[in-house]
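Note sheet for the following structure.
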Amino acid sequence: MGGWPKLEWDGERTGPLQGVKVLDMSSVVLGPFATVQLADLGAEVIKVENAQGGGDIMRKAGDNPTGDLGPIYASLNRNKKSVAFDASKPEDKAAILELASGADVFFHNVRMAGMERLGLGYEDIKAVNPDIVYVHCAGYGAEGPYAKRQAYDDLIQAASGFAALFEMRDKGRPQYAPSLVADKVSGMFAANAVLAALLGRANGLGGQFVQVPMFECFTWFHMVENLWGNTYLPGNGKMAYTRSINPRRRPYPTKDGYIAIVPYADHQWERFFELAGRPGVFQDTRFSTYKARLENTTELYATIEECSATKTTAEWVELLDANNIPAMKYNRMADVFEDPHLKAVDFFEEREAKAGYMYRSMRHPVHYASTPASMFADPPSLDADRDEVLGSKS
């Protein structure tokens, strides 16, 4: 899209994880989502890919200028180095173990039984590096009956009860969210686990084995609000937060589009209805307190829809901003590129890769005053960094 600065990648790592080395045998989304955060923050992430299968399968997903840098792969694997090994070959396994001997973190999302068969289980890596932080992104915790089952985003959305929220909301069939939420949420847990284990090691607790089970992580994530009436025992049988599951919880129509409006405090609700020309609504006992509004969410949201349709989106944004009532313009997907806030913070950046193609990246969203994140390397072609990595193993 026009107007974005054309940038080359930053020259060097500047983040707070400089000096940390991660040997990353993960692929697809969950693991790479975790390790790209570590890479953005300055860690040296060496991505070990399967030479037999042509590397990470996401290399082939979606149109791309090189044939092996699919869009999702490119977003999740910048700032990393790629080497390709066939771990079933003794010489390649030996190379992986030698790299692990100089790493701080050994990270993967392969099923544990498979890694142990290859001689790359925790005890194998610990034997060459006793202080290693060994992180296994599992589908399910090792103690449960699902431990050996495969796990993918759809499976976890279904099994965790998350897909059922759509059935409850719409009184129809269950659905998956149109985003790989289970993968990415679990990836956030995994990145956090790496940092916590490294801090523990720095505090004298040594290395350790860390398992990040996707099923448990995602269930914990979405059940925070959706345990609801079953939080306290024996419970009242009501599950799912009443506000978030309401079918009218959606952007409200305006004269020329849609808008998100979220009055929160009582005085904001009262003022909103005054601005909408409905001053008596707040005095209605169904809407005058937080508890009442929660119990009458459907009627409340229907009333907001009636009000929102009386003005344009721009009129509402200006009016609500002036009265300190939370609101945001609704953006369609392509509109996000032109969002004035994201433009002002340079969130999307157009960069020119060394290979000559143009590439849109997203700036790391967290700001560190003294040790900022940086984008210092293009997403790598398969095995592109073999000579550099094998020539400097520690």
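DSSP assigns beta bridges within the chain; of those with both partners inside it, close to 30 percent run antiparallel. Approximating the spin labels as points 7 Å out from Cα along Cα→Cβ, the LEU342-to-PHE166 distance works out to 2.2 nm. Taken one residue at a time, the phi angles of the range 269-279 give Karplus couplings (6.51, -1.76, 1.60, θ = phi - 60°) of 4, 4, 5, 4, 5, 5, 5, 7, x, 10, x Hz. Gly and Pro are set to x. The modelled label-to-label distance between THR231 and ARG249, using points 7 Å beyond Cα along the C-beta direction, is 1.4 nm. Near ASP378, once Lys and Arg are set to +1 and Asp and Glu to -1 for all other residues with Cβ below 9 Å from its Cβ, the sum equals +3. Checked against a 19 Å cut-off, the cross-linked pairs LYS291/LYS311; LYS21/LYS184; LYS93/LYS126; LYS81/LYS354; LYS21/LYS126 give Cα-Cα distances beyond that limit for LYS291/LYS311; LYS21/LYS184. Subtracting the Cα-Cα distance of VAL262 and ASN192 from their residue separation scaled by 0.36 nm leaves 22.1 nm. If R0 is 25 Å, the Cβ-Cβ spacing of ALA127 and GLN208 corresponds to a FRET efficiency of close to 0.95.
Under a 5 Å amide H cut-off, with hydrogens placed 1.01 Å from N, GLN175 pairs with PHE166, GLU167 among residues at least 5 apart or on other chains. Rounded to the nearest 500, the helix-only mean residue ellipticity at 222 nm of the chain stands at -10000 deg cm²/dmol, with each DSSP H run of n ≥ 4 adding -39,500 (n - 2.57). Across the range 66-74, rounded Karplus estimates of 3J(HN,Hα) from the backbone phi angles (6.51 cos²θ - 1.76 cosθ + 1.60, θ = phi - 60°) give 10, x, 9, 10, x, x, 5, 4, 4 Hz, Gly and Pro being marked x. With springs only between Cα atoms under 10 Å, which of HIS364, HIS267, HIS108 fluctuates most in a Gaussian network model of the chain? Among HIS364, HIS267, HIS108, the largest mean-square fluctuation in the Gaussian network model of the chain belongs to HIS267. Residues in the chain average 52 Å² of solvent-accessible surface per residue, probe 1.4 Å, ligands and nucleic acids excluded. Database remark: amide H of GLY15 closer than 5 angstrom to the amide H of GLY42, SER374 (H placed geometrically; neighbours at sequence offset of 5 or more, or on other chains; Pro and chain starts carry no H). Around the Cα centre of the range 165-270, unit charges on the Cβ atoms of Lys, Arg, Asp and Glu (plus for the first two, minus for the last two) sum to a dipole of about 220 debye.
Take the Cα coordinates of the chain, assign each an equal point scatterer, and use the Debye formula without solvent to give log10 I(q)/I(0) at q = 0.10, 0.13, 0.14 Å⁻¹. Here log10 of I(q) over I(0) equals -0.82, -1.17, -1.26.
Working ranking of peptides 354-360, 69-75 by packing, defined as the average number of other Cβ atoms within 10 Å per residue, highest first, is 69-75, 354-360. Rounded to the nearest 20, the Cβ-based charge dipole of the range 1-153 about its Cα centre (Lys and Arg +1, Asp and Glu -1) stands at 300 debye. Normalised by 2.2 N^0.38 Å, where N counts its residues, the alpha-carbon radius of gyration of the range 127-198 equals 1.42. Note on exposure: ILE57, ILE46 ranked by accessible area (1.4 Å probe, complete protein assembly) read ILE57, ILE46, with the most exposed listed first. Note that the range 250-264 has calculated 3J(HN,Hα) couplings of 6, x, 8, x, 10, 5, 10, x, 9, 8, 9, 10, 9, x, 10 Hz, one per residue in order, obtained from phi through the Karplus relation 6.51 cos²θ - 1.76 cosθ + 1.60 (θ = phi - 60°); glycine and proline are x.
For the range 362-394 and the range 197-254, write down the distance between their C-alpha centroids in whole Å. Using only Cα atoms, the two centres lie 31 Å from each other.
The values are calculated or read from the model by the stated rules, or taken from the named source; none is laboratory data. Just so it is clear, the model here is predicted, and its values are computed rather than measured. Heads up, the Cβs are rebuilt from the backbone with ideal geometry, glycines too, and the neighbour counts pull from every protein chain shown. The accessibility values were calculated without ligands, DNA or RNA, using every heavy atom of the protein model including side chains. Shrake-Rupley method; radii C 1.70, N 1.55, O 1.52, S 1.80 Å.
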